[in-house]
1. Pull out all pairs, ordered by first then second residue, where Cβ-Cβ is under 6 Å, the residues are six or more apart or on different chains, the first lies in segment 138-159 and is surrounded by fewer than 17 Cβ atoms within 10 Å (Cβ to Cβ), and the second is in a loop (DSSP other than H, G, I, E, B).
2. Looking at (1) closer than 21 Å to residue 487 by Cα; (2) assigned to a loop (DSSP other than H, G, I, E, B), find the lone condition where residue 178 falls short.
3. Suppose we filter 172, 141, 165 for residues that are in a loop (DSSP other than H, G, I, E, B) and in contact with a strand residue (DSSP E or B) (Cβ under 8 Å, 6 or more places away or on another chain); which single one remains?
4. Mind listing whichever residues of segment 267-278 are out of contact with any Gly (no Cβ under 9 Å at 6 or more places or on another chain) and part of a loop (DSSP other than H, G, I, E, B)?
5. Yes or no: residue 299 closer than 21 Å to residue 202 by Cα and either among the hydrophobic types (A, V, I, L, M, F, W, C) or out of contact with any Lys or Arg (no Cβ under 6 Å at 6 or more places or on another chain) (or both)?
6. Which of the residues belonging to segment 194-235 are within 24 Å of residue 137 (Cα to Cα), modelled with pLDDT of 95 or more and in a loop (DSSP other than H, G, I, E, B)?
7. Is it the case that residue 444 is touching a Leu at 6+ places or on another chain (Cβ under 7 Å), modelled with pLDDT of 95 or more and buried (at least 21 other Cβ atoms within 10 Å of the Cβ)?
8. Counting just the residues of segment 483-496 that are crowded, with 17+ Cβ neighbours inside 10 Å and not in a helix (DSSP H, G or I), which one comes out farthest from the chain's Cα centre (by Cα)?
Amino acid sequence: MALSMSGLIFAVILSASVATAIPADCPKYEQASGNVNPPLSEGKYSLAYQRPETRCRTFAVPEVEAVIEEMKTEIVDPDLFRLFENTFPNTLDTTISWKGFGEEDPDEELTFIRTGDINAMWLRDSANQLQSYKPLLRADPSPDSLASLFRGAINLQGRYIRQSPHCNAFQPPPESGLEPEYNSWAATDFVVPRFSKSVVFECKYELDSLAAFLQLSHDYFSRTGDAAFFGRPGGAWASTVAVIMNTTSELLRGTYASDGTLNRSPFLFERKSNKASETTSNEGAGAPVRADTGIVRSFFRPSDDACVFQLFVPANMMFARYLDACADIMVELDGGTADTMRGFAEVVRVGIEKYGRVEHREFGEMYAYEVDGFGSHNLMDDANIPSLLSAPMLGYLDRDDPVYQNTRRFILSTENPYFMFGPVLNATGGPHIGPGMAWPMGLLVQLLTSDDDTEIEKGIRQLLSSTSSLGLIHESVNSHDEKKWTRSWFAWANGLFGQMILDVRERKPHLLRLRYQ
Ligand SMILES: *[C@@H]1O[C@H](CO)[C@@H](O)[C@H](O)[C@H]1NC(C)=O
Ligand SMILES: *[C@@H]1O[C@H](CO)[C@@H](O)[C@H](O)[C@H]1NC(C)=O
(Lines give C-alpha, C1' and ligand atoms only; values in the text may rest on other atoms or scores of the structure.)
(Ligands and ions follow the chains in the order given, each with its own letter.)
Protein backbone atom coordinates (compact mmCIF):
# COMPACT_ATOMS: atom_id res chain seq x y z
CA MET A 1 0.00 0.00 0.00
CA ALA A 2 1.38 3.38 -0.94
CA LEU A 3 -0.76 5.67 1.14
CA SER A 4 0.61 6.61 4.47
CA MET A 5 -1.85 7.02 7.27
CA SER A 6 -1.76 10.09 9.40
CA GLY A 7 -1.22 8.49 12.51
CA LEU A 8 -2.53 7.21 15.62
CA ILE A 9 -0.45 5.42 18.04
CA PHE A 10 2.55 3.35 18.06
CA ALA A 11 4.05 4.12 21.41
CA VAL A 12 1.03 3.64 23.61
CA ILE A 13 0.47 4.54 27.20
CA LEU A 14 1.72 1.69 29.32
CA SER A 15 -0.89 -0.67 30.59
CA ALA A 16 -0.29 -3.95 32.36
CA SER A 17 -1.25 -6.10 29.38
CA VAL A 18 1.02 -4.31 26.92
CA ALA A 19 4.13 -6.40 26.78
CA THR A 20 6.00 -4.46 24.15
CA ALA A 21 5.13 -0.80 24.55
CA ILE A 22 8.20 1.30 23.93
CA PRO A 23 8.95 4.51 25.85
CA ALA A 24 6.97 7.49 24.63
CA ASP A 25 10.09 9.56 23.95
CA CYS A 26 11.41 7.10 21.33
CA PRO A 27 11.63 8.60 17.83
CA LYS A 28 8.72 7.68 15.55
CA TYR A 29 10.06 5.12 13.10
CA GLU A 30 7.96 6.51 10.21
CA GLN A 31 10.20 9.57 10.45
CA ALA A 32 13.45 7.93 11.59
CA SER A 33 13.39 5.48 8.68
CA GLY A 34 13.40 8.38 6.22
CA ASN A 35 16.49 10.02 7.78
CA VAL A 36 20.14 9.27 7.05
CA ASN A 37 21.05 8.41 10.64
CA PRO A 38 24.73 8.10 11.68
CA PRO A 39 27.08 6.32 11.92
CA LEU A 40 27.27 5.73 8.15
CA SER A 41 28.71 2.49 6.77
CA GLU A 42 32.27 2.69 5.50
CA GLY A 43 31.82 1.65 1.86
CA LYS A 44 31.04 3.95 -1.05
CA TYR A 45 27.29 3.82 -0.43
CA SER A 46 27.60 5.34 3.08
CA LEU A 47 24.41 3.72 4.32
CA ALA A 48 22.53 5.04 7.32
CA TYR A 49 22.23 3.10 10.56
CA GLN A 50 18.52 2.31 10.91
CA ARG A 51 18.10 0.24 14.05
CA PRO A 52 16.29 1.96 16.90
CA GLU A 53 18.33 2.16 20.10
CA THR A 54 17.87 -0.93 22.25
CA ARG A 55 15.26 0.48 24.63
CA CYS A 56 13.14 1.59 21.66
CA ARG A 57 12.92 -1.84 20.00
CA THR A 58 9.54 -3.59 20.11
CA PHE A 59 10.91 -7.12 20.65
CA ALA A 60 14.31 -8.80 20.81
CA VAL A 61 15.57 -12.37 20.82
CA PRO A 62 19.19 -13.44 21.34
CA GLU A 63 19.22 -15.71 18.23
CA VAL A 64 18.71 -12.76 15.91
CA GLU A 65 21.40 -10.70 17.65
CA ALA A 66 23.75 -13.69 17.43
CA VAL A 67 23.26 -14.03 13.66
CA ILE A 68 23.92 -10.33 13.17
CA GLU A 69 27.11 -10.70 15.21
CA GLU A 70 28.25 -13.72 13.12
CA MET A 71 27.50 -11.91 9.87
CA LYS A 72 29.76 -9.05 10.91
CA THR A 73 32.70 -11.26 9.96
CA GLU A 74 31.07 -13.44 7.31
CA ILE A 75 29.95 -10.51 5.16
CA VAL A 76 33.08 -8.79 3.90
CA ASP A 77 31.51 -5.73 2.27
CA PRO A 78 30.79 -3.03 4.88
CA ASP A 79 27.74 -1.66 3.03
CA LEU A 80 26.25 -5.10 2.54
CA PHE A 81 26.68 -5.87 6.20
CA ARG A 82 25.00 -2.59 7.10
CA LEU A 83 22.03 -3.34 4.88
CA PHE A 84 21.66 -6.77 6.50
CA GLU A 85 22.06 -5.38 10.00
CA ASN A 86 19.34 -2.79 9.39
CA THR A 87 16.84 -4.98 7.59
CA PHE A 88 16.94 -8.46 9.13
CA PRO A 89 15.79 -7.41 12.63
CA ASN A 90 13.35 -4.76 11.32
CA THR A 91 10.17 -6.73 12.09
CA LEU A 92 11.28 -7.38 15.68
CA ASP A 93 12.77 -3.93 16.14
CA THR A 94 9.77 -1.95 14.92
CA THR A 95 6.54 -3.88 14.26
CA ILE A 96 5.60 -6.06 17.24
CA SER A 97 3.08 -3.48 18.43
CA TRP A 98 1.67 -5.78 21.09
CA LYS A 99 2.19 -9.23 22.51
CA GLY A 100 0.05 -10.67 25.28
CA PHE A 101 -2.64 -13.17 26.18
CA GLY A 102 -6.35 -13.65 25.51
CA GLU A 103 -8.88 -12.14 27.86
CA GLU A 104 -11.04 -15.25 28.03
CA ASP A 105 -8.30 -17.83 27.64
CA PRO A 106 -5.09 -16.89 29.45
CA ASP A 107 -3.22 -19.62 27.52
CA GLU A 108 -4.04 -17.95 24.24
CA GLU A 109 -0.82 -16.22 23.17
CA LEU A 110 -1.47 -13.26 20.86
CA THR A 111 0.92 -11.23 18.68
CA PHE A 112 -0.16 -8.09 16.84
CA ILE A 113 2.29 -7.26 14.05
CA ARG A 114 1.94 -4.04 12.07
CA THR A 115 3.15 -3.86 8.45
CA GLY A 116 5.45 -0.93 9.10
CA ASP A 117 4.14 2.51 8.12
CA ILE A 118 0.52 1.31 8.03
CA ASN A 119 -0.73 0.56 11.52
CA ALA A 120 -2.69 -2.61 10.83
CA MET A 121 -1.95 -6.34 10.64
CA TRP A 122 -2.11 -7.85 7.17
CA LEU A 123 -2.49 -11.64 7.15
CA ARG A 124 -0.01 -11.95 4.28
CA ASP A 125 2.55 -9.43 5.49
CA SER A 126 2.64 -10.72 9.05
CA ALA A 127 3.11 -14.35 7.93
CA ASN A 128 5.99 -13.26 5.70
CA GLN A 129 7.48 -10.87 8.28
CA LEU A 130 7.85 -13.86 10.62
CA GLN A 131 9.02 -16.18 7.85
CA SER A 132 12.36 -14.37 7.68
CA TYR A 133 13.12 -15.79 11.16
CA LYS A 134 12.09 -19.34 10.27
CA PRO A 135 15.68 -20.63 10.04
CA LEU A 136 16.23 -19.55 13.67
CA LEU A 137 12.96 -20.93 15.01
CA ARG A 138 12.98 -23.82 17.48
CA ALA A 139 10.52 -25.26 20.00
CA ASP A 140 10.35 -22.99 23.05
CA PRO A 141 7.47 -22.57 25.52
CA SER A 142 8.70 -19.20 26.83
CA PRO A 143 6.59 -16.10 26.05
CA ASP A 144 9.81 -14.21 25.23
CA SER A 145 10.73 -16.55 22.38
CA LEU A 146 10.46 -16.45 18.61
CA ALA A 147 8.28 -19.55 18.92
CA SER A 148 5.83 -17.59 21.06
CA LEU A 149 5.70 -14.80 18.48
CA PHE A 150 4.71 -17.36 15.86
CA ARG A 151 2.10 -18.98 18.14
CA GLY A 152 0.64 -15.59 18.98
CA ALA A 153 0.38 -14.65 15.30
CA ILE A 154 -1.24 -17.98 14.40
CA ASN A 155 -3.80 -17.54 17.19
CA LEU A 156 -4.61 -13.96 16.28
CA GLN A 157 -4.82 -14.66 12.53
CA GLY A 158 -7.14 -17.57 13.35
CA ARG A 159 -9.43 -15.28 15.32
CA TYR A 160 -9.55 -12.79 12.46
CA ILE A 161 -10.26 -15.48 9.87
CA ARG A 162 -13.03 -17.12 11.91
CA GLN A 163 -14.67 -13.73 12.27
CA SER A 164 -14.18 -12.29 8.75
CA PRO A 165 -12.68 -14.85 6.38
CA HIS A 166 -12.88 -12.57 3.33
CA CYS A 167 -10.86 -9.72 4.83
CA ASN A 168 -7.14 -9.02 4.42
CA ALA A 169 -6.05 -6.53 7.10
CA PHE A 170 -7.06 -6.18 10.74
CA GLN A 171 -7.14 -4.01 13.85
CA PRO A 172 -5.34 -4.67 17.14
CA PRO A 173 -7.23 -7.11 19.41
CA PRO A 174 -9.23 -5.56 22.28
CA GLU A 175 -6.82 -7.09 24.85
CA SER A 176 -4.04 -4.86 23.53
CA GLY A 177 -5.70 -1.65 24.63
CA LEU A 178 -4.52 -0.18 21.29
CA GLU A 179 -7.01 1.99 19.44
CA PRO A 180 -8.32 0.73 16.08
CA GLU A 181 -6.85 2.66 13.15
CA TYR A 182 -9.41 4.60 11.14
CA ASN A 183 -9.02 3.60 7.48
CA SER A 184 -10.03 6.67 5.47
CA TRP A 185 -9.61 5.13 2.04
CA ALA A 186 -12.10 2.34 2.89
CA ALA A 187 -14.65 4.75 4.33
CA THR A 188 -17.30 4.25 1.66
CA ASP A 189 -16.59 0.66 0.58
CA PHE A 190 -19.55 -1.51 -0.34
CA VAL A 191 -18.65 -5.04 0.80
CA VAL A 192 -20.67 -8.26 1.18
CA PRO A 193 -20.50 -9.98 3.65
CA ARG A 194 -20.50 -7.14 6.15
CA PHE A 195 -17.82 -6.83 8.82
CA SER A 196 -16.99 -4.85 11.91
CA LYS A 197 -14.62 -1.89 11.56
CA SER A 198 -13.44 -2.41 15.10
CA VAL A 199 -11.95 -5.74 13.93
CA VAL A 200 -11.22 -5.19 10.26
CA PHE A 201 -8.97 -2.51 8.77
CA GLU A 202 -9.69 -3.41 5.16
CA CYS A 203 -11.77 -6.14 3.54
CA LYS A 204 -10.39 -7.09 0.16
CA TYR A 205 -10.83 -10.80 -0.41
CA GLU A 206 -7.45 -12.24 -1.42
CA LEU A 207 -6.99 -15.98 -1.54
CA ASP A 208 -3.37 -15.64 -0.52
CA SER A 209 -4.41 -14.11 2.84
CA LEU A 210 -6.03 -17.42 3.77
CA ALA A 211 -3.07 -19.33 2.38
CA ALA A 212 -0.81 -17.12 4.54
CA PHE A 213 -2.37 -18.58 7.69
CA LEU A 214 -1.59 -22.07 6.40
CA GLN A 215 1.96 -21.02 5.47
CA LEU A 216 2.55 -19.54 8.91
CA SER A 217 1.14 -22.65 10.60
CA HIS A 218 3.32 -24.92 8.51
CA ASP A 219 6.43 -22.77 9.05
CA TYR A 220 5.93 -23.09 12.80
CA PHE A 221 5.15 -26.81 12.72
CA SER A 222 8.00 -27.76 10.40
CA ARG A 223 10.61 -26.12 12.66
CA THR A 224 9.20 -27.08 16.08
CA GLY A 225 7.20 -30.29 15.54
CA ASP A 226 4.86 -28.81 18.15
CA ALA A 227 1.65 -30.68 17.26
CA ALA A 228 0.32 -30.11 20.78
CA PHE A 229 -0.05 -26.38 20.11
CA PHE A 230 -2.41 -27.03 17.19
CA GLY A 231 -4.52 -29.42 19.24
CA ARG A 232 -4.52 -27.25 22.38
CA PRO A 233 -7.82 -27.56 24.31
CA GLY A 234 -9.80 -24.40 23.62
CA GLY A 235 -7.44 -23.70 20.72
CA ALA A 236 -9.31 -23.22 17.52
CA TRP A 237 -6.77 -24.05 14.84
CA ALA A 238 -8.86 -26.87 13.37
CA SER A 239 -11.99 -24.67 13.27
CA THR A 240 -10.00 -21.99 11.45
CA VAL A 241 -8.98 -24.53 8.82
CA ALA A 242 -12.64 -25.56 8.51
CA VAL A 243 -13.64 -21.93 7.91
CA ILE A 244 -10.90 -21.58 5.29
CA MET A 245 -12.05 -24.70 3.45
CA ASN A 246 -15.70 -23.67 3.59
CA THR A 247 -14.92 -20.16 2.35
CA THR A 248 -12.70 -21.33 -0.49
CA SER A 249 -15.05 -24.12 -1.64
CA GLU A 250 -17.79 -21.51 -2.04
CA LEU A 251 -15.38 -19.64 -4.29
CA LEU A 252 -14.88 -22.61 -6.59
CA ARG A 253 -18.31 -21.84 -8.00
CA GLY A 254 -18.49 -20.16 -11.40
CA THR A 255 -20.53 -17.12 -12.37
CA TYR A 256 -23.29 -19.11 -14.10
CA ALA A 257 -25.24 -22.16 -12.95
CA SER A 258 -25.72 -25.02 -15.45
CA ASP A 259 -29.15 -23.70 -16.47
CA GLY A 260 -27.71 -20.25 -17.24
CA THR A 261 -29.01 -18.51 -14.14
CA LEU A 262 -26.55 -16.51 -12.06
CA ASN A 263 -24.89 -17.97 -9.02
CA ARG A 264 -24.85 -15.58 -6.10
CA SER A 265 -21.27 -14.37 -5.59
CA PRO A 266 -20.12 -15.19 -2.04
CA PHE A 267 -18.23 -11.88 -2.00
CA LEU A 268 -18.87 -8.42 -3.47
CA PHE A 269 -16.62 -5.39 -3.34
CA GLU A 270 -16.96 -1.85 -4.69
CA ARG A 271 -14.97 1.23 -3.73
CA LYS A 272 -15.33 4.86 -4.76
CA SER A 273 -11.96 5.46 -6.34
CA ASN A 274 -10.35 7.01 -9.40
CA LYS A 275 -8.05 3.95 -9.67
CA ALA A 276 -9.42 1.06 -11.74
CA SER A 277 -7.39 -1.43 -9.68
CA GLU A 278 -9.16 -0.40 -6.45
CA THR A 279 -12.62 -1.64 -7.39
CA THR A 280 -14.35 -4.43 -9.30
CA SER A 281 -16.67 -4.59 -12.31
CA ASN A 282 -20.15 -6.12 -12.60
CA GLU A 283 -21.66 -4.64 -9.43
CA GLY A 284 -18.79 -5.84 -7.28
CA ALA A 285 -18.60 -9.43 -8.54
CA GLY A 286 -15.76 -8.96 -11.06
CA ALA A 287 -15.34 -10.49 -14.52
CA PRO A 288 -17.23 -13.77 -15.05
CA VAL A 289 -15.41 -17.04 -14.32
CA ARG A 290 -16.05 -20.52 -15.65
CA ALA A 291 -17.60 -23.10 -13.31
CA ASP A 292 -15.79 -26.18 -12.05
CA THR A 293 -12.22 -25.39 -13.02
CA GLY A 294 -10.89 -26.43 -9.60
CA ILE A 295 -9.23 -23.00 -9.29
CA VAL A 296 -10.41 -20.87 -6.35
CA ARG A 297 -11.50 -17.29 -7.15
CA SER A 298 -9.62 -14.36 -5.70
CA PHE A 299 -10.96 -10.82 -6.00
CA PHE A 300 -7.66 -9.11 -5.23
CA ARG A 301 -3.97 -9.82 -5.66
CA PRO A 302 -1.26 -9.74 -2.99
CA SER A 303 -0.59 -6.16 -4.13
CA ASP A 304 -4.16 -5.39 -2.93
CA ASP A 305 -5.05 -4.53 -6.54
CA ALA A 306 -8.18 -6.00 -8.14
CA CYS A 307 -7.70 -9.10 -10.29
CA VAL A 308 -8.44 -8.66 -13.98
CA PHE A 309 -9.48 -12.34 -14.06
CA GLN A 310 -10.31 -13.98 -10.74
CA LEU A 311 -8.72 -17.37 -11.31
CA PHE A 312 -5.49 -16.01 -9.94
CA VAL A 313 -2.80 -18.62 -10.47
CA PRO A 314 -0.03 -17.69 -7.96
CA ALA A 315 -2.36 -17.64 -4.92
CA ASN A 316 -3.82 -20.96 -6.01
CA MET A 317 -0.31 -22.43 -6.20
CA MET A 318 0.32 -21.21 -2.67
CA PHE A 319 -3.03 -22.43 -1.41
CA ALA A 320 -2.65 -25.89 -2.97
CA ARG A 321 0.82 -26.31 -1.53
CA TYR A 322 0.09 -25.19 2.03
CA LEU A 323 -3.32 -26.84 2.29
CA ASP A 324 -1.58 -30.10 1.45
CA ALA A 325 1.32 -29.37 3.81
CA CYS A 326 -1.02 -28.53 6.71
CA ALA A 327 -2.70 -31.92 6.33
CA ASP A 328 0.46 -33.17 8.10
CA ILE A 329 -0.64 -31.15 11.15
CA MET A 330 -4.33 -32.04 10.84
CA VAL A 331 -3.61 -35.75 10.63
CA GLU A 332 -2.71 -35.65 14.33
CA LEU A 333 -6.11 -34.16 15.18
CA ASP A 334 -8.56 -35.53 12.64
CA GLY A 335 -7.55 -37.98 9.93
CA GLY A 336 -10.75 -37.50 7.89
CA THR A 337 -10.25 -33.75 7.62
CA ALA A 338 -6.59 -34.27 6.73
CA ASP A 339 -7.72 -36.42 3.78
CA THR A 340 -10.23 -33.77 2.72
CA MET A 341 -7.46 -31.17 2.76
CA ARG A 342 -5.20 -33.31 0.59
CA GLY A 343 -8.05 -34.02 -1.80
CA PHE A 344 -8.97 -30.33 -2.10
CA ALA A 345 -5.32 -29.36 -2.66
CA GLU A 346 -5.15 -31.90 -5.49
CA VAL A 347 -8.31 -30.50 -7.13
CA VAL A 348 -6.71 -27.04 -7.14
CA ARG A 349 -3.43 -28.37 -8.51
CA VAL A 350 -5.19 -30.23 -11.35
CA GLY A 351 -7.14 -27.03 -12.13
CA ILE A 352 -3.97 -24.93 -12.31
CA GLU A 353 -2.27 -27.40 -14.60
CA LYS A 354 -5.32 -27.68 -16.87
CA TYR A 355 -6.50 -24.05 -17.06
CA GLY A 356 -3.53 -22.04 -15.81
CA ARG A 357 -1.03 -22.77 -18.59
CA VAL A 358 -0.78 -21.19 -22.02
CA GLU A 359 1.48 -21.52 -25.05
CA HIS A 360 3.60 -18.41 -25.63
CA ARG A 361 4.89 -17.69 -29.16
CA GLU A 362 8.42 -17.09 -27.88
CA PHE A 363 8.76 -18.89 -24.53
CA GLY A 364 6.65 -21.99 -25.12
CA GLU A 365 4.41 -23.50 -22.46
CA MET A 366 4.16 -21.25 -19.41
CA TYR A 367 1.86 -20.27 -16.54
CA ALA A 368 -0.52 -17.33 -16.91
CA TYR A 369 -0.84 -14.86 -14.05
CA GLU A 370 -4.64 -14.93 -14.20
CA VAL A 371 -7.22 -16.76 -16.27
CA ASP A 372 -11.02 -16.80 -16.43
CA GLY A 373 -11.40 -20.45 -17.46
CA PHE A 374 -13.15 -19.43 -20.69
CA GLY A 375 -9.83 -18.94 -22.49
CA SER A 376 -8.93 -15.37 -21.60
CA HIS A 377 -5.69 -14.93 -19.73
CA ASN A 378 -3.41 -12.23 -18.43
CA LEU A 379 0.29 -12.72 -19.12
CA MET A 380 2.31 -10.71 -16.63
CA ASP A 381 3.86 -11.01 -13.20
CA ASP A 382 3.69 -8.65 -10.23
CA ALA A 383 6.46 -8.36 -7.64
CA ASN A 384 4.31 -9.17 -4.61
CA ILE A 385 4.46 -12.73 -3.26
CA PRO A 386 2.74 -14.98 -4.24
CA SER A 387 3.90 -14.27 -7.78
CA LEU A 388 4.60 -16.70 -10.59
CA LEU A 389 8.31 -16.05 -10.08
CA SER A 390 8.01 -17.21 -6.47
CA ALA A 391 6.39 -20.59 -7.31
CA PRO A 392 9.45 -22.63 -6.17
CA MET A 393 9.69 -20.63 -2.92
CA LEU A 394 6.05 -21.46 -2.28
CA GLY A 395 6.99 -25.12 -2.64
CA TYR A 396 4.49 -25.62 -5.47
CA LEU A 397 7.08 -26.86 -7.94
CA ASP A 398 10.77 -27.40 -8.39
CA ARG A 399 13.02 -24.60 -9.61
CA ASP A 400 14.12 -26.81 -12.53
CA ASP A 401 10.57 -27.48 -13.71
CA PRO A 402 10.62 -26.72 -17.46
CA VAL A 403 7.27 -24.89 -17.48
CA TYR A 404 8.50 -22.76 -14.57
CA GLN A 405 11.76 -22.03 -16.38
CA ASN A 406 9.83 -20.85 -19.46
CA THR A 407 7.63 -18.70 -17.23
CA ARG A 408 10.69 -17.27 -15.48
CA ARG A 409 12.36 -16.28 -18.77
CA PHE A 410 9.14 -14.50 -19.75
CA ILE A 411 8.85 -12.69 -16.40
CA LEU A 412 12.43 -11.41 -16.53
CA SER A 413 12.09 -10.21 -20.11
CA THR A 414 10.58 -7.09 -21.58
CA GLU A 415 7.65 -9.27 -22.75
CA ASN A 416 6.36 -9.03 -19.17
CA PRO A 417 4.40 -5.75 -19.26
CA TYR A 418 5.39 -5.06 -15.64
CA PHE A 419 9.13 -5.71 -15.96
CA MET A 420 11.01 -2.44 -15.29
CA PHE A 421 14.55 -1.83 -16.43
CA GLY A 422 17.04 0.99 -16.40
CA PRO A 423 20.34 2.09 -14.85
CA VAL A 424 19.09 1.81 -11.24
CA LEU A 425 17.07 -1.37 -10.84
CA ASN A 426 15.89 -4.16 -13.14
CA ALA A 427 12.95 -5.93 -11.55
CA THR A 428 9.26 -6.65 -11.77
CA GLY A 429 6.90 -3.99 -10.54
CA GLY A 430 3.13 -3.89 -10.85
CA PRO A 431 0.10 -1.67 -11.22
CA HIS A 432 0.03 -0.84 -7.50
CA ILE A 433 2.64 1.90 -7.79
CA GLY A 434 2.62 1.74 -11.57
CA PRO A 435 4.89 1.46 -14.60
CA GLY A 436 8.43 2.78 -14.18
CA MET A 437 8.67 1.69 -10.57
CA ALA A 438 10.71 -1.50 -10.03
CA TRP A 439 10.15 -3.43 -6.80
CA PRO A 440 13.18 -4.69 -4.84
CA MET A 441 10.92 -7.53 -3.68
CA GLY A 442 10.72 -8.75 -7.29
CA LEU A 443 14.51 -8.84 -7.53
CA LEU A 444 14.79 -10.57 -4.14
CA VAL A 445 12.51 -13.35 -5.37
CA GLN A 446 14.63 -13.62 -8.51
CA LEU A 447 17.72 -14.22 -6.34
CA LEU A 448 15.93 -16.66 -4.03
CA THR A 449 14.93 -18.75 -7.07
CA SER A 450 18.31 -18.61 -8.84
CA ASP A 451 21.24 -20.99 -8.84
CA ASP A 452 23.38 -18.70 -10.98
CA ASP A 453 26.22 -16.98 -9.10
CA THR A 454 26.47 -14.12 -11.59
CA GLU A 455 22.73 -13.43 -11.44
CA ILE A 456 22.81 -13.35 -7.63
CA GLU A 457 25.93 -11.19 -7.48
CA LYS A 458 24.49 -8.65 -9.94
CA GLY A 459 21.23 -8.60 -8.05
CA ILE A 460 22.91 -7.92 -4.71
CA ARG A 461 24.80 -5.05 -6.36
CA GLN A 462 21.57 -3.49 -7.57
CA LEU A 463 19.84 -3.81 -4.20
CA LEU A 464 22.81 -2.34 -2.37
CA SER A 465 23.13 0.63 -4.70
CA SER A 466 19.46 1.64 -4.82
CA THR A 467 18.44 2.57 -1.26
CA SER A 468 19.11 6.32 -1.55
CA SER A 469 21.69 5.84 1.26
CA LEU A 470 18.85 5.02 3.65
CA GLY A 471 19.96 1.41 4.07
CA LEU A 472 16.46 -0.07 4.05
CA ILE A 473 14.55 -1.97 1.36
CA HIS A 474 11.84 0.21 -0.14
CA GLU A 475 8.59 -0.90 -1.69
CA SER A 476 9.45 0.41 -5.15
CA VAL A 477 12.26 2.41 -6.74
CA ASN A 478 12.16 4.27 -10.05
CA SER A 479 14.26 2.18 -12.44
CA HIS A 480 15.90 5.41 -13.70
CA ASP A 481 16.07 7.52 -10.55
CA GLU A 482 17.23 6.17 -7.19
CA LYS A 483 15.82 9.22 -5.38
CA LYS A 484 12.24 8.32 -6.32
CA TRP A 485 11.01 5.52 -4.12
CA THR A 486 7.97 4.56 -2.01
CA ARG A 487 7.54 3.52 1.64
CA SER A 488 10.46 4.18 3.97
CA TRP A 489 9.22 1.55 6.43
CA PHE A 490 8.08 -1.69 4.78
CA ALA A 491 8.95 -4.50 7.17
CA TRP A 492 8.09 -7.42 4.88
CA ALA A 493 10.59 -6.28 2.21
CA ASN A 494 13.24 -5.67 4.86
CA GLY A 495 12.74 -9.16 6.26
CA LEU A 496 12.91 -10.67 2.79
CA PHE A 497 16.31 -9.08 2.24
CA GLY A 498 17.54 -10.75 5.43
CA GLN A 499 15.98 -14.02 4.29
CA MET A 500 17.82 -13.77 0.95
CA ILE A 501 21.17 -13.15 2.68
CA LEU A 502 20.64 -16.15 5.00
CA ASP A 503 19.77 -18.23 1.94
CA VAL A 504 22.98 -17.11 0.18
CA ARG A 505 24.92 -17.95 3.36
CA GLU A 506 23.48 -21.46 3.18
CA ARG A 507 23.80 -22.12 -0.53
CA LYS A 508 26.57 -19.81 -1.77
CA PRO A 509 28.63 -18.49 1.15
CA HIS A 510 31.45 -17.38 -1.19
CA LEU A 511 29.16 -14.59 -2.46
CA LEU A 512 29.19 -13.05 1.02
CA ARG A 513 32.97 -12.80 0.81
CA LEU A 514 32.89 -10.55 -2.28
CA ARG A 515 33.21 -6.78 -2.20
CA TYR A 516 30.32 -4.99 -3.88
CA GLN A 517 31.96 -1.57 -4.17
C1 LIG B 1 -19.60 -21.26 4.76
O2 LIG B 1 -19.43 -20.12 3.90
C3 LIG B 1 -20.65 -19.48 3.55
C4 LIG B 1 -20.37 -18.41 2.50
O5 LIG B 1 -19.10 -17.86 2.56
C6 LIG B 1 -21.29 -18.91 4.80
O7 LIG B 1 -22.51 -18.29 4.48
C8 LIG B 1 -21.51 -20.04 5.79
O9 LIG B 1 -21.99 -19.51 7.01
C10 LIG B 1 -20.22 -20.79 6.06
N11 LIG B 1 -20.47 -21.94 6.91
C12 LIG B 1 -19.66 -22.29 7.90
C13 LIG B 1 -20.03 -23.52 8.67
O14 LIG B 1 -18.67 -21.63 8.20
C1 LIG C 1 19.30 -3.60 -16.62
O2 LIG C 1 19.35 -4.30 -17.83
C3 LIG C 1 19.88 -3.52 -18.91
C4 LIG C 1 19.72 -4.31 -20.18
O5 LIG C 1 20.22 -5.61 -20.03
C6 LIG C 1 21.32 -3.16 -18.59
O7 LIG C 1 21.85 -2.34 -19.61
C8 LIG C 1 21.37 -2.41 -17.27
O9 LIG C 1 22.69 -2.16 -16.88
C10 LIG C 1 20.68 -3.20 -16.17
N11 LIG C 1 20.57 -2.38 -14.98
C12 LIG C 1 21.17 -2.68 -13.84
C13 LIG C 1 20.91 -1.77 -12.73
O14 LIG C 1 21.87 -3.67 -13.69
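The values are calculated or read from the model by the stated rules, or taken from the named source; none is laboratory data. Note that the structure is predicted; figures quoted are calculated from it, not measured. Cβ atoms come from the backbone with ideal geometry, glycine included; neighbour counts cover every protein chain shown.
1. 139/226
2. Of the numbered conditions (1) closer than 21 Å to residue 487 by Cα; (2) assigned to a loop (DSSP other than H, G, I, E, B), the odd one out for residue 178 is (1).
3. Matching residue, one of 172, 141, 165: 172.
4. 271, 272, 273, 274, 275
5. It is true that residue 299 is closer than 21 Å to residue 202 by Cα and either among the hydrophobic types (A, V, I, L, M, F, W, C) or out of contact with any Lys or Arg (no Cβ under 6 Å at 6 or more places or on another chain) (or both).
6. Within segment 194-235, 225, 226, 231 qualify.
7. yes
8. Of the residues in segment 483-496, the ones crowded, with 17+ Cβ neighbours inside 10 Å are 485-496.
Those left that are additionally not in a helix (DSSP H, G or I): 485-490.
On the way: 485: 20, 486: 17, 487: 15, 488: 17, 489: 15, 490: 11 Å.
Checked segment 483-496; the qualifying residue farthest from the chain's Cα centre (by Cα) is 485.
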